[in-house]
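The values are calculated or read from the model by the stated rules, or taken from the named source; none is laboratory data. Computed from a predicted structure; not experimentally measured. Note that each Cβ is placed from the backbone with ideal geometry, even for glycine, and that neighbours are counted across all protein chains shown. All accessible areas refer to the heavy atoms of the entire protein, side chains included, with ligands and DNA or RNA removed. Shrake-Rupley method; radii C 1.70, N 1.55, O 1.52, S 1.80 Å.
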Amino acid sequence: MPEPKGASPESAAILDALEGYITELHSEWKTLLELFAAGQQTSKLLNDTAGALFDTLYRVLMRDILLGIARLTDPLKTAGKDNLVLERVMQLPEIAADTELATAAAEGLAEIKSLAERFRDYRNKYLAHLDLPTSLAPSGDVLPGIKREDVEAVLAAFAKLFNRVDGPLRDRYVLFKNVAIIGGPKNLIKAFEDSQMWRSVPRSERIRIVGGLQKKRDG
């Protein structure tokens with residue numbers, strides 16, 4: 001196995017920042033799925049607990065994920081300002097000087113640009129700007145033209161590109177889709193389930209249980 005080629009501090013800083021942003025997108029997506037794609041029982045539990053709140057949370061999470069996808073596929077500069085984007089990996093000296101890595105980066109970026117086109121269109125019409133014709137005659141769809149598999153495909157392409165470049169360069173392979181969420185949705189849902197079960201216990205029985213716990217605590 002060849003030794004990792006290494007990266008300058010400047011290049012490493014860019015790669016680390018991209019890794020952090022891609023990880024954040026995967027974490028947000030996993031959070032959204034654990035809350036809103038965990039089945040009918042969980043959906044009912046959330047709606048019964050705070051339906052309006054979770055409807056807002058869904059929209060906020062989805063907008064941030066879609067905006068994040070569009071941001072990472074922006075050009076290198078906007079209004080003369082440098083952007084942290086995936087295309088920047090092509091500009092890193094270590095990548096540009098290595099034919100194999102440059103080819104891998106170019107192929108990965110071409111795939112991402114194709115997958116991200118609809119996200120960029122959505123960002124331009126619904127998020128960064130409010131396109132007048134679209135706003136006056138909305139389709140009624142929450143995410144017109146975008147499906148769950150589209151989000152998962154572009155996130156997988158982000159991870160694939162990063163690992164094809166930073167993997168050989170610094171021997172850093174990241175399992176983005178397995179990102180762990182400590183204290184995340186599953187904990188919240190369990191708390192809701194426990195609360196629902198507790199509320200189902202007759203009031204007289206709850207008083208008896210609490211009284212028994214207090215006596216035990218007081219010794």
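General remarks:
- Some residue of segment 19-29 being surrounded by 16 or more Cβ atoms within 10 Å (Cβ to Cβ) and either over 21 Å from Val151 (Cβ atoms) or free of Cβ contacts under 8 Å to residues at least 60 places away in the same chain (or both): yes
- From the list Lys44, Lys5, the one residue that fits, being of a type in the set (Lys, Arg), open to solvent by 30 Å² or more (accessible area, probe 1.4 Å) and not in a helix (DSSP H, G or I), is Lys5.
- Residue within segment 69-78 that is among the charged types (D, E, K, R), surrounded by fewer than 19 Cβ atoms within 10 Å (Cβ to Cβ) and in contact with a helix residue (DSSP H, G or I) (Cβ under 6 Å, 6 or more places away or on another chain) present: no
- Matching entry among Val165, Val151, Val179 (being of a type in the set (Val, Ile, Thr) and either within 16 Å of Ala105 (Cα to Cα) or open to solvent by 60 Å² or more (accessible area, probe 1.4 Å) (or both)): Val165
- Yes/no for Phe192 being at pLDDT 90 or above and open to solvent by less than 70 Å² (accessible area, probe 1.4 Å): no
- The one condition in (1) farther than 19 Å from Gly184 by Cβ; (2) within 21 Å of the chain's Cα centre (by Cα) that Met90 fails to fulfil: (2)
- The one condition in (1) under 23 Å from Glu149 (Cβ atoms); (2) exposed (fewer than 13 other Cβ atoms within 10 Å of the Cβ); (3) in contact (Cβ under 8 Å) with a residue 12 or more places away in the chain that Ser114 fails to fulfil: (3)
- Index of the failed condition, Arg199 passing every other in (1) in contact with a Lys or Arg (Cβ under 7 Å, 6 or more places away or on another chain); (2) at pLDDT below 90; (3) not polar (S, T, N, Q): (1)
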